[in-house]
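Just so it is clear, none of the values below were taken in a lab; they were calculated from the coordinates. If you're wondering where the values come from, they're calculated on a predicted model, not measured in any experiment. Note: ideal-geometry Cβ built from the backbone for every residue, glycine included; neighbour counts use all protein chains shown.
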């Protein structure tokens, strides 16, 4: 299912049902942890009462919250053989919540990335006091490994989609600004004041976004230089035309004076000689 690109919630629920089918009389859950706020943000728990899992959502991933919070913070498996008698949870909100839903034991293990970051937790609950069997421990190890792969893949796809959206919006904004500048002649005289530089909003220090912004700024400067060089070239061309016209007029005037002197005894007018 990982290779087929199934949605993450569907895949995590399938993992939970796989364990429940192979280890009788248990309930499984996967709780994902928000990386920024370090709170439980979503879950997959197909056989647990929603009132239990909903109560955990939004809680901080701290050791005093329950076995899942402790497992995520300590980055190690936490086994609670008997929720009712375990001294670690006597003052915790986890104890009355679990007992109210008939859950007597809980074994939680962190779901970690290859770099060691905790992505979430996988937990097995039973309605009687118990510790995990070797078969259950093996299943827990396999499930947490597969869950880690699926969660990381979903995070990469989400980050890629967000980056592509930011890139499209940045390109569209640059194109819009360029068109507006070309359409509005009044803005061309103040181009150095209205130069467009894409916003950093949403980029989150992304290298790709910085490269897009730098390319847009470079293109803007290049267009300014091309327009400035074009104006200089046109000015030089016009001056050359004026100079050639003046030289032609002076040459015609000298020729006219020479013809007049040869055909008439009357000397050329002083203005003509001056030319």
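Annotations for the structure displayed:
- Enumeration of residues in the range 23-55 that are in contact with a strand residue (DSSP E or B) (Cβ under 6 Å, 6 or more places away or on another chain), within 15 Å of residue 124 (Cβ to Cβ) and surrounded by 14 or more Cβ atoms within 10 Å (Cβ to Cβ): 26, 27, 28, 29, 30, 31, 43, 44, 45, 48, 53
- Enumeration of residues in the range 116-131 that are out of contact with any helix residue (DSSP H, G or I) (no Cβ under 7 Å at 6 or more places or on another chain) and closer than 21 Å to residue 12 by Cα: 116, 117, 125, 126
- Single condition residue 96 does not satisfy, out of (1) out of contact with any helix residue (DSSP H, G or I) (no Cβ under 9 Å at 6 or more places or on another chain); (2) more than 22 Å from residue 53 (Cβ to Cβ); (3) in a helix (DSSP H, G or I): (2)
- Scanning the range 72-91 for residues that are part of a loop (DSSP other than H, G, I, E, B) and within 20 Å of residue 120 (Cβ to Cβ) yields a total of 3.
- Of the listed requirements (1) within 15 Å of residue 23 (Cβ to Cβ); (2) buried (at least 16 other Cβ atoms within 10 Å of the Cβ); (3) under 38 Å from the mean Cα position of the chain (by Cα), residue 130 misses just one: (3).
- Scan the range 96-111 for residues that are surrounded by fewer than 18 Cβ atoms within 10 Å (Cβ to Cβ) and at negative phi and the total you get is 5.
- Filtered residues of the range 46-71 (kept if closer than 11 Å to residue 92 by Cβ, assigned to a loop (DSSP other than H, G, I, E, B) and in contact (Cβ under 8 Å) with a residue 40 or more places away in the chain): 66
- Residue within the range 72-89 that is buried (at least 20 other Cβ atoms within 10 Å of the Cβ), in contact with a strand residue (DSSP E or B) (Cβ under 6 Å, 6 or more places away or on another chain), free of Cβ contacts under 8 Å to residues at least 60 places away in the same chain and under 20 Å from residue 147 (Cα atoms) present: yes
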